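Values in this text are rule-based calculations from the coordinates and carry no lab data. These figures come from a predicted structure and were not determined experimentally. Glycine also receives a Cβ, built like all others from the backbone with ideal geometry; neighbour counts cover every protein chain displayed.
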Amino acid sequence: MAQPVDPVKTARLFEFYVRRIWPLQRRFVASRLRRRCVRCAASEAMLPLNAQQLCSECARQPLQQSVLRRERNAALEAELARIFSAACGTGGGAHDALVMFSGGKDSCYLVQRLKNEHPRLRLLACTVDNGFMSPVAKRNIDEVLPRLDIDHVFIRPRRSFYVKLFRYALTHLNAEGSYGTVDFSDGEFMLDAARNLASEKGIPLIVCGYSRYQVENGLGLHHFESPPERERQPRVATAGLALTEIFEDEDERRLWWQGLRQPDALLPRLLFPLYAWDLEEEDIKRQVVAWGLMSAHDQSPIVTNHRLIPLLGVVDVHRFGYSSFEKEFCRMIREGKADRRTWQHTFEFLEYTSRTGLFVKPLVLDLLAELGLTAEDVGVRFD
Ligand SMILES: [Zn+2]
């Protein structure tokens, strides 16, 4: 049997190539690549480009929009702080708040700020391991937990559960691509697992470190709290896919949120503090470094991400001409929060290697095999 491909090595090689080799090579293969917006790097497959090679989004905002910092909403912050204060000591067991913990900077920031501002709030950090976590992300969790000095649990559903979910999602992509199908269902299950754990343990609050943008655009909420009528709903579908289609086994469907088992039981409240605090990425980064939780040396998202990301990117490029993860990066570039050149080169190389297979082919084939899929099943053909 062939040795499995090391995903971290592949990611580092990919990064090195994009930084050092691709800036030269791209000139020779430009005719084979889609044109991109000169301002935000959006592919012409994603948005139409005008004569000046500006995408429709950039053409709508002709002046370099200096992104205005939103006013801090003190009333909203105070309302959130009152919920945390009132919850101190009210948990049915040893904890008052279950904090979703990925080990990334946002979740570290969240835990430390809650500890600082609400020292009597008894926290339990929780990581949902989908079986495809990057080994680098796992190591980061092991390193930072002692510094945060917080109780922590891993939720690890059986392997076959996630394989079924990801296999089904990847072969039934909705219009939002693998980001809106595979990644979204992964996020929905993470929150469902938290709802189940919190309700079993009598923990009144669930706290999640999604940004304001993720809360508004991903979840369609316009407040820091998910409304109770929404939280009460048992799950029947994820990313638009019916659970009964994905899982024949009722035991597997019951791993999702089924609503309260007893009608008079406590319904956990789901909170997104970063919606109310509304900080810039840079502020969060600076603060976690100042607290000594992370080093200033930024962990690359390519290395710390979900192991399936390269596969998702390649499948998207074959299906749509671009990766569905690009949309959010182009938005950040337009808002001055991400570097255009770096991400344009990354996405161009992804587009190129999706056809040529350079570096990524062995990894992509390994990941497909892990999911019990072939390249044809997901419409991928390397030259
Ligand atoms: Zn643009």
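Restricting to Cα pairs below 8 Å that are 6+ residues apart, what does the relative contact order work out to for the chain? Please round to a whole percent. Kindly include the intermediate steps, with their values, before the conclusion.
Details: 506 pairs, mean separation 88.6, N = 383.
Relative contact order for the chain comes out at 23 percent.
This model, with +1 at the C-beta of Lys and Arg and -1 at the C-beta of Asp and Glu, gives the chain a dipole about its Cα centre of some 1120 debye.
Along the chain, counting only trypsin sites (Lys or Arg not before Pro) with a DSSP assignment other than H, G, I, E or B and at most 14 other Cβ atoms inside a 10 Å radius, the longest segment between sites is 159-253.
Tally Lys and Arg at +1 and Asp and Glu at -1 over the other residues with C-beta under 10 Å from the C-beta of LEU311: what net charge comes out?
Numbers: positive: ARG307; negative: ASP316, ASP366, GLU370.
Overall, the nearby charge balance is -2.
With Cα atoms defining each centre, region 213-260 and region 138-153 are spaced 28 Å apart in the structure. For LYS285, the lysines whose Cα falls under 23 Å of its own Cα, not counting residues fewer than eight places away in the same chain, are LYS105, LYS115, LYS138, LYS327, LYS337. Out of residues 5 or more away from VAL128 or on other chains, whose amide H comes under 5 Å of its own, with H placed 1.01 Å from N in the peptide plane? Answer set, sorted by chain and number: PHE101, ILE155.
Give me GLU200, GLU252 ranked fewest to most by other Cβ atoms within 10 Å of their Cβ, as a rough exposure proxy.
On the way: GLU200 12, GLU252 17.
Arranged by neighbour count, lowest to highest, GLU200, GLU252 become GLU200, GLU252.
Sorted from fewest to most neighbouring beta carbons within 10 Å, what does the list ASP339, ASP186 look like? Walk me through the numbers on the way to the answer.
Details: ASP339 13, ASP186 20.
Fewest-to-most Cβ neighbours within 10 Å comes out as ASP339, ASP186.
For the chain, what does -39500 (n - 2.57) per DSSP helix run (n ≥ 4), summed and divided by total residues, give at 222 nm, in deg cm²/dmol to the nearest 500?
Numbers: 18 runs with 179 residues, N = 383.
Rounded to the nearest 500, it is -13500 deg cm²/dmol.
Averaging Cα coordinates gives a centre for region 280-358 and one for region 1-59; these two points are 11 Å apart. In region 74-290, Cα pairs under 8 Å separated by at least six residues give a relative contact order of 25 percent.
Under unit Cβ charges (Lys, Arg +1; Asp, Glu -1), what dipole magnitude, rounded to 20 debye, does region 133-241 have relative to its Cα centre?
Details: 14 positive and 14 negative charges, 92 e Å.
So the dipole magnitude of region 133-241 works out to roughly 440 debye.
Which net charge results for the neighbourhood of LEU24, defined as the other residues with beta-carbon distances under 15 angstrom from its beta-carbon, given Lys and Arg at +1 and Asp and Glu at -1? Once positives and negatives cancel, what remains is +4. Proximity of backbone amide H atoms, modeled 1.01 Å from N, is registered between ALA237 and LEU243 at under 5 Å, excluding neighbours fewer than 5 places apart on the same chain.
Near LEU270, the amide H atoms lying under 5 Å from its own belong to ILE206, SER226; only residues 5 or more places off or on other chains count, and H is placed 1.01 Å from N. Dipole of the chain computed with +1 at Lys/Arg Cβ and -1 at Asp/Glu Cβ about the Cα centre; of LEU148, PHE347, HIS95, farthest Cα towards the positive end is PHE347.
Under the convention that each Lys and Arg Cβ holds +1 and each Asp and Glu Cβ holds -1, the size of the dipole of region 74-290 around its Cα centre is about 520 debye.
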